[in-house]
Amino acid sequence: QVQLVESGGGLVQAGGSLRLSCAASGIIFRFADMGWYRQAPGKQRELVATLTRSGNTNYADSVKGRFTISRDNAKNAMYLQMNSLKPEDTALYYCKADFGSLTSWGQGTQVTVSS
C-alpha cells in the first residue's frame with residue numbers, strides 16, 4: 001500500500017521560509033516521478049513543482065526562483081524548500097507520486113503566509 005506523508009507546513013510571515021517534506025512508503029521510490037501541488041480555498045488544485053525519477057524539474061511560473069524541489073532516494077523522501085513566501089502561497093500542499101500506472105496523493109500540509 002502506497003503511503004505519502006507530508007510535514008513541515010505552518011504559519012510564517014511574508015518573506016519567510018519553510019521546508020516541506022514528503023515521506024513515501026510502499027513504492028520503489030527511486031522509480032517514482034514526484035511532485036508538489038497546492039490548493040487554496042475556493043481554487044482548483046495546481047501544480048507547484050515536479051521532479052522526475054531521472055532528475056528533471058518543472059516549476060509553476062509563480063514559484064520559479066523562490067521554491068526548490070529535491071529528493072533523497074536513500075531516504076524515500078522529497079522536499080520543497082520555499083523561500084520569499086508570499087500571502088498568495090497560502091494553501092494546502094500535497095505530495096504526489098506516479099509509479100508505473102499508480103498515482104498516489106498525500107493528505108496535505110497547510111502553509112499559511114501572513115502579510
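Run the numbers for L11 and E88: contour at 0.36 nm per residue of separation, minus the present Cα-Cα distance, in nm.
Length difference between fully extended and current span is 26.4 nm.
How far apart, in nanometres, would the label points at E46 and S114 be if each is projected 7 angstrom from Cα along the Cα-to-Cβ direction?
Inter-label distance under the simple model: 2.4 nm.
Using the alpha-carbon centroid of each, what span in Å lies between the stretch 83-105 and the stretch 1-29?
8
Roughly to the nearest percent, how much of the accessible area of the stretch 1-74 is carbon and sulfur, given a 1.4 Å probe?
Carbon plus sulfur share of accessible area: 45 percent.
Given a cut-off of under 8 Å on Cα pairs at least six residues apart, what relative contact order in percent is computed for the stretch 17-102? Numbers along the way, then the final one.
Details: 147 pairs, mean separation 35.2, N = 86.
Result for the stretch 17-102 is 41 percent.
Quickly rank 89-101, 52-64 as a protection proxy: mean count of other C-beta atoms within 10 Å, highest first.
Details: 89-101: 18.6, 52-64: 12.4.
Top of the packing list down: 89-101, 52-64.
What does the C-alpha gyration tensor say about the overall shape of the chain? Classify as rounded when a/c is under 1.5, otherwise prolate if a/b is larger than b/c, or oblate. Please list the in-between numbers first.
Values: a/c = 1.86, a/b = 1.69, b/c = 1.10.
Prolate, since a/c reaches 1.5 and a/b exceeds b/c.
Once you have a ≥ b ≥ c as the square roots of the Cα gyration tensor eigenvalues for the stretch 1-66, tell me rounded if a/c is under 1.5, and otherwise prolate or oblate according to whether a/b is larger than b/c.
Working: a/c = 1.77, a/b = 1.45, b/c = 1.21.
It comes out prolate by the Cα gyration axes.
The values are calculated or read from the model by the stated rules, or taken from the named source; none is laboratory data. Everything numeric in this text was worked out from a predicted model, so none of it was measured. All Cβ positions, even for glycine, are placed from backbone atoms using ideal geometry, and neighbour counts span all protein chains on display. Side chains included, ligands, DNA and RNA excluded: accessible areas come from the protein's heavy atoms. Shrake-Rupley method; radii C 1.70, N 1.55, O 1.52, S 1.80 Å.
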